[in-house]
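Quick notes on the structure that follows.
Values in this text are rule-based calculations from the coordinates and carry no lab data. Everything quoted here is computed from the prediction, not taken from an experiment. Here the Cβ positions follow ideal geometry from the backbone for every residue, glycine too, while neighbour counts run over all protein chains shown.
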Ligand code: PGA
């Protein structure tokens with residue numbers, strides 16, 4: 001269940017990591033445990049490390065997956081993983097619709113919505129990513145792109161308790177370039193307005209991702225309407241990731 005009163009910081013390890021990385025994390029995360037009353041921390045390793053990472057659950061950290069198949073049943077789908085399997089590995093969150101999946105695996109909004117439903121059917125939280133490309137932005141299409149992605153990739157099963165929306169401008173991912181504070185503010189405000197569901201008292205959690213580091217995490221997380229962070233490259237170093245948690249959460253009310 002998404003905790004409305006807390007920030008959320010998610011590590012996306014992508015196609016990185018061996019057992020040594022997990023061991024380093026287990027040690028470092030103990031140092032920032034004191035911030036876990038203000039933020040939930042979720043680590044999304046490759047599938048191969050989910051079992052090993054379960055050790056970290058004792059420290060109050062959550063584990064998540066980076067993708068899933070949309071089919072609920074077991075079956076002949078070589079190389080795929082369904083949400084039942086992820087649930088068995090104690091995942092509470094699943095990232096879906098990341099731009100790298102959209103671009104390199106041709107995932108479209110319809111498929112992402114189906115994956116979202118599969119995540120919800122297993123009682124997990126879907127972290128649904130949206131983000132415009134540089135060319136969308138250059139053409140003045142950034143807002144239209146985001147609106148379309150939201151409309152089409154949020155499944156009908158989505159609600160603020162089982163879904164987190166991640167805004168990740170594609171041009172900011174892994175580039176060291178981030179949008180200005182006012183650009184993030186405006187886009188999050190826009191997303192908030194589009195997805196607000198008046199049937200729910202609480203609002204969806206909106207998180208930002210794209211070149212978040214220890215030195216910009218606090219300024220981004222302090223933006224109104226930014227409820228958390230999705231971190232790729234900087235989440236691979238346990239020290240840097242702990243600094244992100246500390247720097248951004250320490251002064252948050
Ligand atoms: P980055 O990646 O932090 O390396 O920019 C973010 C993401 O892709 O989720």
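Evaluated at q = 0.10, 0.13, 0.21 Å⁻¹, the base-10 log of the normalised Debye intensity for the range 1-123, with identical point scatterers placed on the Cα atoms, takes the values -0.32, -0.54, -1.27.
Note on the chain: with a GNM built from Cα contacts shorter than 10 Å, the maximum mean-square fluctuation among 85, 15, 187 falls on 15. Exposure proxy ranking for 102, 192, based on other Cβ atoms within 10 angstrom of each Cβ and starting from the fewest, stands as 192, 102.
In plain terms, the chain from residue 237 to residue 194 could stretch by 12.0 nm, reckoned as 0.36 nm per residue minus the Cα-Cα distance. Relative contact order of the chain: what whole-number percent is it, with Cα pairs under 8 angstrom and at least 6 residues apart? Once normalised by length, the contact order is 21 percent. By the beta-carbon count within 10 Å of each Cβ, the least crowded to most crowded order of 105, 16, 120, fewest first, is 105, 16, 120.
The spread of Cα positions in the chain, taken along each principal axis and listed from longest to shortest, comes to 48, 45, 36 Å. Distance between the modelled labels on residue 252 and residue 159, one decimal in nanometres: 2.4 nm (7 Å Cα→Cβ projection). Fewest neighbouring Cβ atoms within 10 Å first, the residues 25, 36 line up as 36, 25.
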